[in-house]
């Protein structure tokens, strides 16, 4: 009986030893220290930042004239049609104003009267020189000759005006954009006869609000885009009065080498809305916001600092920093969830090369983070 108990006890002890000894001999697990985040840094640097505003404009000739008759009448001849190229002074059409003949007759009568007055003056001058007439008679003949000459000049001026009113000519060289009159048409002084655009050069007109027009000046550059092709130009005119029809200010810009732009077509154009030159700047992605307040993280001897900043204008790449950091601060440009005030980080250029085991550890850490 006692022998059996002893044997059973020995067996229990042996089994317990078999369990305890391996556990005692197994080395303790070593807790791996979390790796220090690796970041990239950049010092603020001067940069030009330009912001553009997108608008829509209309192509117009740089010079365009609208021709209206100065006197009503019947069209007797038409010498051009839409699409024709004309030179300055070239005949466009002829109007029978019913006054040309009358003006011509008046001018001829005035010329005859002037010739008679001049002949009489010459006779009176000879008689006066011979002492046959008094000076009063000679002076009267001289006054009549001067009056006749003035009347002739007035009649001739009226005739010239009537001829100008009757013969419509091109005031500039260019292309006939519109000519809607035909022979025997009766036109009034408010009837549009022809539209001529200056050959070659084109202009862009567009409208802007009061807030935008205050930021523009004559000479500012503009970029025009049509069918994927860009043209350069500059602002030439800025209206100081609001257009009653649109409630906007009309702007006009010239276009360089824009001869191929169709007159009347719509184009996209970009004007500078704001700009700074050589401003202290950092990458836009390095700026964070909390409650509308901007801040950045900086690196200082392995320590992260959280600094509020004042941001000026910015584009898709860089942002102007007005205050909050100095030009020799090292701004952290990469994001990490471990970026907090006082955190320890390491600059990418100073980080040791990663081994295969560390890479595997990082992969496991990433997966576990995603799983969370």
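Read the figures in this text as sums done on the coordinates, not as results from a lab. All of these numbers come straight from a predicted model, not from anything done at the bench. Quick reminder, even Gly has a Cβ in these numbers, built from the backbone with ideal geometry, and neighbours come from all protein chains shown.
Couple of notes before you dig in:
- Pairwise centroid distance, computed over Cα atoms, of the stretch 178-214 with the stretch 96-163, Å: 45
- Label positions at residue 119 and residue 218, each projected 7 Å from the Cα along the C-beta direction, are separated by 6.0 nm.
- Extension gain for residue 167-residue 349 works out to 57.2 nm (0.36 nm per residue, less the C-alpha to C-alpha distance).
- Rough spin-label spacing in nm, given labels placed 7 Å along Cα→Cβ, for residue 42 and residue 210: 4.0
- Annotation for residue 334 and residue 178: the two label points, set 7 Å from Cα along the Cα-Cβ direction, are 6.5 nm apart.
- Taking 0.36 nm per residue of separation and subtracting the Cα-Cα distance, full extension of the segment from residue 326 to residue 140 would add 57.3 nm.
- Calculated FRET efficiency, residue 150 to residue 98, Cβ-Cβ distance, R0 = 25 Å: about 0.40 to the nearest 0.05.
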